1. Work out how much length K5 to W72 would gain on full extension: take 0.36 nm times their residue separation and subtract the Cα-Cα distance, in nm to one decimal.
2. Report the relative contact order of the stretch 326-376, percent, no decimals, based on alpha-carbon pairs under 8 angstrom and at least 6 residues apart.
3. Output the relative contact order of the chain, whole-number percent, from Cα pairs under 8 angstrom with separation of 6+ residues.
4. How far apart, in nanometres, would the label points at S179 and T253 be if each is projected 7 angstrom from Cα along the Cα-to-Cβ direction?
5. Counting each DSSP H run of 4 or more residues in the chain as -39500 (n - 2.57), what helix-only mean residue ellipticity at 222 nm follows after dividing by all residues, to the nearest 500 deg cm²/dmol?
6. At q = 0.08, 0.09, 0.13, 0.19 Å⁻¹, what log₁₀ I(q)/I(0) does the stretch 34-184 have when each alpha carbon counts as one equal point scatterer in the Debye sum?
7. 7 Å from Cα along Cα→Cβ at both K445 and I406: what's the point-to-point distance in nm?
8. May I ask you to compute the full-extension gain from V84 to L106, defined as 0.36 nm times their residue separation minus their alpha-carbon distance, rounded to one decimal in nm?
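The numbers here are math on the coordinates, done by the rules we state, and not lab data. What you see is a predicted model, and the numbers here were worked out from it, not measured in a lab. Reconstructed Cβ throughout: ideal geometry from the backbone, glycine too, with neighbour counts over all protein chains shown.
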Amino acid sequence: MEKRKLSFWEIWNMSFGFLGIQMGFALQNANASRILQIFGADVHELSWFWIIAPLMGLIVQPIIGHYSDKTWNRFGRRKPYFLVGAILASVGLILMPQADIFIAFLPALWVGAGMLMIMDASFNIAMEPFRALVGDNLRTDQRTLGFSVQTALIGFGAVVGSWLPYVLTNWFGVSNTASGAVVPLNLIFSFIIGAIILIASILVTVLTTKEYTPEALQNFQNEHPEPENVNSDEDLKESSLMDIFDDFKKMPTTMRQLSWVQFFSWFGLFGMWVFATPAIAQHIYGLPYTDSHSPLYQNAGDWIGILFGVYNLVSAFYAFALPYIAKKLGRKKTHATSLIIGGLGLLSIYIMPDKNWLLVSMVGVGIAWASILAMPYAILAGSISPKKMGVYMGIFNFFIVIPQIINALIGGPLVKYAYNNQAIFALMLSGVSFLVAAALVYKVKDVDDLVQ
């Protein structure tokens, strides 16, 4: 017996919840720094508030992966985690831009940071079980397609989330004016809409997708042994939560090699997400770094949403091309080339003459983003046993969150002391980081390069 080959639309429905997750994630990425500045955060403090996001991933994802590997009930194996994560994330989305309503109890800045923490923990509860589900349900020859479909849905969701504040203001006349510590209405409405779509999209996956039982997955593994460097049965005995540390030490060689690629990729992404708004407000709009309330600054913030939407739109379409490109070039060369294009895109921001030219830069970023979301997971899945798919997808997240934590700790001081409060240089460092990641891709061993 072997896994059934799924149709395109079955794979689409299986990953559809990612559209809602990424819509919420995009709203956060494009607007959290802006909201925190409205609540009183200085530019050089932004990365310290953003440290909450990777810390939540570091703590939550391996634990969720471990327990989702061992869960089986009438709702399934991974699906219960999707639903709980979506509900909690929706609460954070609704309350973060409205943190000022709690000002009688705590400063709005701290409440906003707390809601950011809730959102990040909840996104992490939902996200990695989705990655593991692709490894569970798809045959080896469909994995690249599966992760590419996820990337496309991530792109579409992020486009909607990124563009929503701009659309509400420019198409429907919703105010984007900040008053004191009150967030503009276009952001408040956008976050509420994002919460609703998040719940709805997760329900599509929960209601349309069936999961294999643990017994069925064991049968597949017995009949189709994994490659030599995949964890042996001796490593897969029943384990406790603390054995996550033992799993970490026994991670496959391919995973260790990919860890360095992930490190520099996500170091660069974090710098872009945190500092894009102040960097472009200063470098392109000519605003002082202390300005976070003027109408021009709010317009700059809305334009950042458009730029982020562009790179996510590019990534959505590029994701569909990835399986075909990887078939011709191989997964490693495809990923390395995509990262180089993204690095050059970020570096080009420095020389762009006006805000419209930044759209060109974002095309390069979108190509890299699509590959970052698909290629490492497609390579990794072939080196992991189905019994450990969830926990190793969670552990793999270490190499996403650790570079973000490091950037969060040093990014603010670099902007303040090394860059003289010129956040544009944080984006330049992100571009260089992408190029380093591209060079490291060539050291990775792809266990089953069966690209369809």
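1. This chain segment gains 21.9 nm when fully extended.
2. 46
3. 29
4. 6.5
5. On the way: 17 runs with 319 residues, N = 452.
It lands at -24000 deg cm²/dmol.
6. Ignoring solvent entirely, the Cα scatterers give -0.30, -0.38, -0.75, -1.23.
7. About 2.4 nm separates the two model spin labels.
8. Gain on extension, V84 to L106, equals 5.2 nm.
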